[in-house]
Amino acid sequence: MQVLLIDALNLIRRLYEALPHGPDTIHPDNMDNAAHTLERVLRLHSPSHACCVFDSRGPTWRHEIFSDYKANRKATPRPLLEALPGFSQRFQDLGIRSVSVPGFEADDVIATLAQGISQRHGHVTILSTDKGYLPLLGIRIRVYDHFNQQTYSPESVLTKYGVRHDQLIDYWALAGDPVSNIKGVPKIGAKTTQNLLQEFGTLDALFEHPPEGAVGRRILEHRDALELYRRLLQLRTDLTVGLNLKELRYPTKSA
């Protein structure tokens, strides 16, 4: 079983930004480009199952516990939001079902599906440029950036970030993640965070046995914030998506 999980808005928005558009319109080629790109992706990966996962509209559970979550991120343009049902229909015409879960980002839905499929010994490719999926990497889960034609592996994460993929949540909590508006701990940057996690392994170990000096004091002073950041960054894998894998088979019998 080879399952392709497509971060739909990530794909659509990358193509939207690459084309000229007005404040109240999208480029007439935008929808065609998205459909053609998806066709190329399907040919490349030859999945046995596939689906396009969309974010739900409105605030999510993360906004409920942290009102400034992604507050510095540019909002999805209104004309693009209004066009999303049309994109979904084009994907459906290609035999790819669209999925969303109210109150949750696509990230959590994809994480839930990926975890469940891998536990059933299926192989998953997540199509997205979003680095937030990298902690999910494993023997049966990979992340593919179509626009840079790059497949991420635990080895490439270690090279890029200086920490293992299973340490990324703690890494971003400590060093900060501007995309999610996670501030991190003041005066603890990427290099210090790398050194800390290489030595201590986890954020919990740092709480239990903080290093001496200013760095240890800062970590303890910001413990509540760090635990909140970690919760925000951790992808949910316990959603009820309400899908049977048979519904995601590709190509469909009607295709």
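The values are calculated or read from the model by the stated rules, or taken from the named source; none is laboratory data. As the structure is a prediction and not an experimental result, all values here were calculated from the model. Neighbour counts run over all protein chains shown; Cβ positions are idealised from the backbone, glycine included. Accessible surface areas use protein heavy atoms only, side chains included; no ligands, DNA or RNA. Shrake-Rupley method; radii C 1.70, N 1.55, O 1.52, S 1.80 Å.
Screening Arg142 on (1) buried (at least 22 other Cβ atoms within 10 Å of the Cβ); (2) among the charged types (D, E, K, R); (3) part of a strand (DSSP E or B) shows it passes everything except condition (1).
Would you confirm whether any residue within region 199-207 is among the small types (Gly, Ala, Ser) and more than 19 Å from the chain's Cα centre (by Cα)? The answer is yes; a qualifying residue exists.
Considering only residues that are free of Cβ contacts under 8 Å to residues at least 60 places away in the same chain and either closer than 17 Å to Glu227 by Cα or among the aliphatic types (A, V, I, L, M) (or both), which ones fall in region 63-84? Those that are free of Cβ contacts under 8 Å to residues at least 60 places away in the same chain and either closer than 17 Å to Glu227 by Cα or among the aliphatic types (A, V, I, L, M) (or both): His63, Glu64, Ser67, Ala75, Leu81, Ala83. Scanning region 182-225 for residues that are assigned to a helix (DSSP H, G or I), of a type in the set (A, V, I, L, M, F, W, C), surrounded by 14 or more Cβ atoms within 10 Å (Cβ to Cβ) and in contact with a Lys or Arg (Cβ under 9 Å, 6 or more places away or on another chain) returns Leu197, Leu203, Phe207, Val215, Ala225.
Among the criteria (1) surrounded by fewer than 20 Cβ atoms within 10 Å (Cβ to Cβ); (2) in contact (Cβ under 8 Å) with a residue 40 or more places away in the chain; (3) closer than 22 Å to His49 by Cα, the one Glu105 does not fulfil is (1).
Taking the conditions (1) loosely packed, with under 15 Cβ neighbours inside 10 Å; (2) among the acidic types (Asp, Glu); (3) closer than 20 Å to Asp177 by Cα in turn, Asp32 satisfies each one other than (3). If only residues of region 83-102 that are part of a loop (DSSP other than H, G, I, E, B) and closer than 24 Å to His63 by Cβ are counted, the one that is least open to solvent (accessible area, probe 1.4 Å) is Val101. For region 226-255, residues that are assigned to a helix (DSSP H, G or I) and either modelled with pLDDT under 95 or open to solvent by less than 80 Å² (accessible area, probe 1.4 Å) (or both) total 11. Gly58 meets each of the listed conditions (1) at negative phi; (2) loosely packed, with under 14 Cβ neighbours inside 10 Å apart from (1). Looking across region 45-82, just one residue is assigned to a helix (DSSP H, G or I) and in contact with a strand residue (DSSP E or B) (Cβ under 8 Å, 6 or more places away or on another chain), and that is His45. Of the numbered criteria (1) among the aliphatic types (A, V, I, L, M); (2) surrounded by 15 or more Cβ atoms within 10 Å (Cβ to Cβ); (3) over 19 Å from Ala114 (Cα atoms), the one Leu9 fails is (3).
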